[in-house]
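Below is one structure; the comments refer to it alone.
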Amino acid sequence: MLKKLCFYITLLSSSGLLAQDAIFTQFYAAPTMLNPAFTGSTGGLRLGSGYRNQWLGISSNLNTVYATADNWFEGIRSGIGLQVIHQSEELGEYSLSQFQASYALHLQITDDISLFPGIGFGYSINQINSAGLFFEDEIDIGSGLINPGSQDPVLTNLIQGSFGYFDFSAGAVLYAENYWLGAGIKHVNQPNISFLEGEDLSLQPLITFQGGYRKSWHRNQLYGSDPTSFLFITFNGYHQALYNRFDVGLEYGFSRLTLGILASNTLDKILESSDYFLSVNPNIGLKTKSFKIGLSYDIPVSAIGNVGNTFEVTLQFFSPSTYVRKRMWQTKY
């Protein structure tokens, strides 16, 4: 059985699939990865990390790890954050590392509504090991043997080692007491991500839109004790080149336990045999006042279900909020 596929190298020059942004099942656990406008949105310090193992059913699965940190600064009415993400794919021995800083200004529009515009600036590093690739002219279809020493011109032009590029993002989030709506765009500058010398392959902008509603109940409403249960409804949409995805779900929390379910959908079919409904994703979590750990497991229901399931674990830390509501004319810089 061939460990590497000969058409893999074609993807490097014909599409941006290898540089597509990481998609997270628990997207709400890494909001600053989606939209820089979420930076500082908790009103305090927020730390997050996660691990995602995609396509468990095949040997060449995709692994993603990330870490984030953002904090609210009352003196400048702003949030500042950092995000680091690393993806690795055994097929072709490909990896992508991204580093980003984000900033969001918090504007109080009314007593109940706030607007957070945000920007992000980052640097990404792509790397592929060409020694791990097989080309068409190296494969003897009749015998199945590999004859090393490809003469494919693509190999001559392949960038050896790694290369990097700068990246810019922007977004905005509208907050009310129990709900929020946001939209963001990444890769505003459309950097060149081609692995081939002399080729210009622009990374297409990733547009996201998200929202949520949260309702909490207290054991004793009269004395305003900490919430003992809540209902959380959320959605997130992606659009990048030909790729469109929409996730929607809910989570119910009681005591220290959370249970939820999400559905992943595509908005249009690239292939006639494709399905609109991609997967159903149950999740479970444990939470305290400052920590939350979440586990999710994607169960494919589409025609591509044979590539296997996806597992994801997230960890979050929150410090107490120091956010004070102020109108714009009350803010002093």
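Read-outs throughout are calculated quantities, based only on the coordinates presented, and are distinct from any laboratory measurement. The structure displayed is predicted, hence computed values, not measured ones. For neighbour counting, all protein chains shown are included, and Cβ atoms are generated from backbone atoms with ideal geometry for every residue, glycine included.
The table below lists the values:
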quantity: Tail fraction, Cα-Cα pairs, segment 229-269, threshold 13 Å, whole percent; calculated: 58
quantity: In order through segment 169-176: 3J(HN,Hα) via Karplus (6.51 cos²θ - 1.76 cosθ + 1.60), integer Hz, x for Gly, Pro; calculated: 9, 8, x, 8, 9, 9, 10, 10
quantity: Förster-model FRET efficiency, 35 Å R0, ARG214 and ASN53, C-beta, rounded to 0.05; calculated: 0.75
quantity: Extended-chain gain in nm, criterion 0.36 nm per residue less alpha-carbon gap, ASN265 and LEU181; calculated: 28.3 nm
quantity: Residue exposure sequence - VAL173, VAL65 - by fewest surrounding Cβ within 10 Å; calculated: VAL65, VAL173
quantity: Ranking of PHE166, PHE209, PHE24 by count of other Cβ atoms within 10 Å, fewest first; calculated: PHE166, PHE209, PHE24
